[in-house]
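Structure record follows, encoded as structure tokens.
The values are calculated or read from the model by the stated rules, or taken from the named source; none is laboratory data. Quick caveat: nothing in here was measured; it's all calculated off a predicted structure. Note that we place each Cβ from the backbone using ideal geometry, even for glycine, and neighbour counts take in every protein chain shown. Protein only, heavy atoms only, side chains kept; ligands, DNA and RNA dropped before computing areas. Shrake-Rupley method; radii C 1.70, N 1.55, O 1.52, S 1.80 Å.
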Amino acid sequence: MASKPPAGDPVQDAPQVAEPQHAAAGLPAIGHTLRMARQQMGVRRTAQTLLQVNQKDGFDCPGCAWPEGDKRHVAEFCENGAKAVAEEATLRRVTPDFFAAHTLADLANRSGYWLGQQGRITQPMYLAEDAERYEAVTWDRAFSIIAEELGALSSPDEALFYTSGRTSNEAAFLLQLFAREFGTNNLPDCSNMCHESSGSALNETIGIGKGSVSLEDLHQADLIIVAGQNPGTNHPRMLSALEKAKGSGARIVSVNPLPEAGLERFKNPQTPRGMIKGVPLTDLFLQIRIGGDQALFRLLNKLVLETDGAVDTDFVREHTHGFEEFAAAARAADWDDTLAATGLGREEIERALTMVLESKRIIVCWAMGLTQHKHSVATIREVVNFLLLRGNIGRPGAGVCPVRGHSNVQGDRTMGIFERPSQAFLDALEREFGFAPPRHHGFDVVRSIEALRDGRAKVFFAMGGNFVGATPDTEVTEAAMRKARLTVHVSTKLNRSHAVTGRRALILPTLGRTDKDVQAGGRQVVTVEDSMGMVHASRGNLPPASPHLLSEPAIVARMARAVLGPASTTPWEEFEKDYGTIRDRIARVVPGFEDFNEKIARPGGFTLPHGPRDERRFPTTTGKANFTAAPVEYPEVPEGRLLLQTLRSHDQYNTTIYGLDDRYRGIKGGRRVVLVHPEDARALGLADGAYADLVSEWKDGVERRAPGFRVVHYPTARGCAAAYYPETNVLVPLDSTADTSNTPASKSVIVRLEQSPTA
Ligand SMILES: Nc1nc2c(c(=O)[nH]1)N[C@H]1C(S)=C(S)[C@@H](COP(=O)(O)OP(=O)(O)OC[C@H]3O[C@@H](n4cnc5c(=O)[nH]c(N)nc54)[C@H](O)[C@@H]3O)O[C@H]1N2
Ligand SMILES: Nc1nc2c(c(=O)[nH]1)N[C@H]1C(S)=C(S)[C@@H](COP(=O)(O)OP(=O)(O)OC[C@H]3O[C@@H](n4cnc5c(=O)[nH]c(N)nc54)[C@H](O)[C@@H]3O)O[C@H]1N2
Ligand SMILES: [Mo]
């Protein structure tokens with residue numbers, strides 16, 4: 001299997017390489033922001049939108065899920081947030097004329113970058129069976145096509161309802177309600193590929209799958225460990241919080257195979273001093289081998305256990321379970337094994353230990369560098385062990401901080417977008433809506449692809465996202481998708497999933513965060529939940545991209561009426577008219593949302609309850625915080641092979657490509673690059689500037705190949721390599737997933753590099 005860059009693309013991928021940078025943000029970031037925003041939106045709209053981002057009466061930034069502080073700056077956005085806004089608020093349009101001019105084959109031959117650059121989709125479009133192109137369709141006809149195909153299934157479990165994490169709470173609640181009334185728990189979501197490992201590990205150990213810290217906690221911490229995360233690109237506003245923490249005396253340890261510019265030094269564009277000089281953020285950089293984190297935390301735990309007075313014995317006695325078994329496993333940790341697993345030196349680990357022992361309040365932040373490996377759940381459990389040992393949970397300045405991706409991915413899960421809902425949630429739905437929801441588990445993302453591949457699923461519906469672009473094993477996934485009878489995408493902009501479709505396909509264009517949402521009941525607001533469990537309102541203020549768009553809640557409500565018919569007693573029409581009526585139901589179904597409508601009327605919203613954070617109450621099966629004692633694992637890489645992580649450049653939002661540069665890493669004008677340590681590259685006979693095919697090796701013996709990557713000699717950890725997603729998703733085998741969470745292991749792919757003549 002080989003995946004080539006699309007041939008029909010006018011944009012040339014020709015990377016130029018300079019030295020990586022050592023600081024993030026500052027003046028150049030502002031210049032980039034405004035230039036890109038003006039290109040997409042023009043001068044007036046740029047001013048109109050950017051000043052509304054993350055303000056208390058404005059809209060929630062469709063970028064990342066990092067929270068807003070209480071005192072907001074007039075420009076409460078970052079370079080990459082502004083790019084996300086500009087992408088959505090663009091003045092470019094994809095009209096029916098566009099689809100008349102571009103056949104499906106043509107679209108399938110374009111890059112994701114090109115597709116995204118065409119602009120906002122303006123009308124519902126339909127691809128009939130065997131048709132060469134999409135044609136405009138009315139909304140009524142679109143819903144009747146969905147009703148026809150769903151009605152023809154032999155079981156509701158042959159339908160899949162995917163959600164990406166930009167969807168509002170209101171739309172997410174309606175979608176899961178509709179799916180369950182229709183009869184299935186097949187509600188895969190982007191979280192399955194993202195923080196599922198965090199949710200799995202945290203649910204089991206502390207009883208709630210969410211982070212336990214607030215922004216205030218970060219500001220008060222003595223030590224912040226940032227592991228497997230690149231905030232300078234993916235959560236730029238987090239740098240301000242780290243800067244503030246440092247100002248109050250915190251120290252920062254970065255654990256990463258790559259030296260990431262944002263963690264080295266931050267130039268805060270909101271302060272004059274910051275803009276010029278910047279502040280160094282990282283005190284200790286542990287350049288770990290990919291997948292070495294569990295071993296690192298296990299050894300630190302052993303060393304803490306062996307230090308007199310280092311363990312918070314009161315906390316351990318009163319609030320935890322399983323200490324003895326864990327301590328026995330930790331005491332068995334071995335220096336040599338750890339040094340081999342991590343690639344670190346003994347002195348570095350000892351320095352980290354000293355910092356840990358000197359710190360009363362510790363926070364560990366992490367993202368995809370910890371969640372996308374085979375042993376991710378065990379790794380995050382070890383992080384929890386580490387925090388529990390010294391009582392670093394449920395008190396100020398301490399705790400777990402999984403930093404979420406999509407702006408409402410956490411909220412979507414709270415609203416019930418989950419293929420394995422709790423019985424308590426289903427009971428509450430049943431009580432409130434008077435139907436019997438299905439009780440058996442549904443399919444997650446990987447199982448959905450398998451079901452499509454094996455003909456067990458036939459209709460695929462997506463509330464946002466780019467399923468075929470974001471999922472692993474691109475060729476397998478695309479073939480699976482093409483077997484579907486109907487694929488439906490509720491989207492703002494074009495992407496690969498509109499070009500690789502089932503036998504029939506629909507594109508349903510929708511309002512984005514920045515668009516004004518007016519329904520029969522007046523102007524609507526929606527709500528979102530950030531990475532720290534704060535729920536607040538979001539109000540778009542721009543005239544919608546086209547008069548034909550429907551909001552996400554309206555689309556679900558109308559689909560539900562067309563599919564379920566008069567048999568459904570759910571007031572779908574009311575819901576569409578006035579989202580306040582949806583929130584009234586959420587208030588009665590989801591704990592923590594009592595008086596929802598009143599609470600979001602307050603500026604800044606409200607914080608959801610969190611047992612471990614608020615009162616050291618751990619709603620686990622043991623009623624305590626659980627220590628765990630999994631065997632230590634780390635990837636073993638055969639001779640002559642490298643361990644590849646697939647990650648984000650500075651100019652993309654997941655599969656949405658903003659541009660071809662990765663400024664902080666010194667890459668310009670191209671994305672097909674592979675970053676390799678100079679000595680590893682030399683050992684493989686690959687000069688800087690040589691071209692190579694990336695070939696993944698997996699136990700099924702199938703060859704997965706991504707051709708034509710420019711080799712860049714780069715200071716990554718030894719034995720490791722890095723290349724961008726989604727170009728490399730073709731290399732990630734569908735069944736290479738994390739234990740328990742089933743998240744694709746897209747940060748540990750064993751590859752060989754085969755020299756190729758050129759790009
Ligand atoms: N601008 C922008 N913002 C975004 C996104 C975007 O694409 N663009 N995506 C959003 C989403 S959905 C998400 S989930 C987040 C993603 O945010 P991140 O997780 O920061 O994103 P990645 O680029 O996947 O970076 C993973 C980081 O982990 C490191 N890493 C890889 N493997 C390991 C390992 O084994 N151990 C350790 N310690 N580190 C490792 C990598 O070097 C890299 O620094 O960002 C969100 N925000
Ligand atoms: N190899 C590899 N694969 C990965 C990852 C990785 O690190 N490596 N990361 C994984 C992670 S963390 C994630 S979260 C997933 C992301 O997976 P997805 O969330 O499915 O992908 P996105 O690229 O974020 O989706 C972009 C599309 O969303 C649509 N969209 C944007 N805004 C809106 C809106 O307001 N409403 C609607 N209805 N649609 C909208 C647009 O049409 C746009 O093209 O990818 C995963 N895949
Ligand atoms: Mo994500």
Mind checking which aspartates and glutamates have their C-alpha under 15 Å from Lys493, skipping anything on the same chain fewer than 8 residues away? Glu87, Glu88, Asp515, Glu552
Ignoring ligands, DNA and RNA, please state the percent of accessible area on the range 149-218 from carbon and sulfur, probe 1.4 Å. 49 percent
Averaged over all viewing directions, the convex hull of the alpha carbons in the range 511-564 casts a projected area in nm² of 4.9 nm²
Treating the beta-carbon of each Lys and Arg as +1 and of each Asp and Glu as -1, no other charges, what is the dipole magnitude of the chain about its Cα centre, to the nearest 20 debye? 1720 debye
Taking each pair of distinct Cα atoms in the range 239-332 once, what is the resulting Kirkwood hydrodynamic radius in Å? 16.1 Å
Counting Lys and Arg as +1 and Asp and Glu as -1, what is the net charge of the other residues whose Cβ lies under 12 Å from the Cβ of Asn256? -1
The range 271-419, Cα convex hull volume normalised per residue, Å³: 177 Å³
Per residue, the convex hull volume that the Cα atoms of the chain enclose (Å³): 142 Å³
Ignoring the sites themselves, what is the longest stretch of the chain with no GluC sites (Glu not before Pro) in a DSSP loop and at most 13 other beta-carbon atoms within 10 Å? 359-593
Phe77 - accessible surface, heavy atoms, 1.4 Å probe, Å² rounded to 10: 50 Å²
Percent accessible area from carbon and sulfur atoms, the range 455-513, protein chains only, probe 1.4 Å: 50 percent
Taking a cut-off of 28 Å between Cα atoms, list the lysines near Lys699, but don't count ones fewer than 8 places away on the same chain. Lys4, Lys374, Lys483, Lys747
Rounded to the nearest 5, what % of DSSP beta bridges with both residues in the chain are antiparallel? 40 percent
Percent of beta bridges antiparallel (DSSP, the range 469-588, rounded to nearest 5): 45 percent
Of every hundred units of 1.4 Å-probe accessible area on the range 550-664, the number belonging to carbon and sulfur atoms, as a percent, is 47 percent
Mean residue ellipticity (222 nm) of the chain, computed from DSSP H runs ≥ 4 via -39,500 (n - 2.57), nearest 500: -10000 deg cm²/dmol
Using Cα positions and a limit of under 21 Å, work out the lysines in reach of Lys577, with same-chain residues fewer than 8 apart set aside. Lys516, Lys599
Counting alpha carbon pairs within less than 8 Å and at least 6 residues apart, what relative contact order, in whole percent, applies to the chain? 22 percent
Considering amide H positions built from the backbone, and no H for Pro or chain starts, which residues 5 or more places from Asp312, or on another chain, come under 5 Å of its amide H? Arg390, Gly391
Average accessible area per residue (Å²) across the chain - probe 1.4 Å, nucleic acids and ligands excluded: 35 Å²
For the range 695-708, Karplus-derived ³J(HN,Hα) couplings (6.51, -1.76, 1.60; θ = phi - 60°; whole Hz; x for glycine and proline) come out as 10, 8, 10, 9, 5, 6, x, 6, 8, 10, 10, 10, x, x
Each residue of the range 251-257 in order: what ³J(HN,Hα) in whole Hz does its phi give by Karplus 6.51 cos²θ - 1.76 cosθ + 1.60, θ = phi - 60°, with x for Gly and Pro? 10, 10, 10, 9, 10, 6, x
Over all pairs of distinct alpha carbons, what does the Kirkwood formula give as the hydrodynamic radius of the range 672-759, in Å? 13.3 Å
Could you tell me the relative contact order of the range 187-276? Use alpha-carbon pairs under 8 Å, at least six residues apart, and round to a whole percent. 24 percent
Could you tell me the accessible area of His22 in Å² (1.4 Å probe, neighbours in place), rounded to the nearest ten? 120 Å²
Using θ = phi - 60° and Karplus 6.51 cos²θ - 1.76 cosθ + 1.60, couplings along the range 47-61 (whole Hz; Gly, Pro as x): 5, 4, 7, 4, 6, 8, 5, 6, 7, 4, 10, x, 10, 6, 4
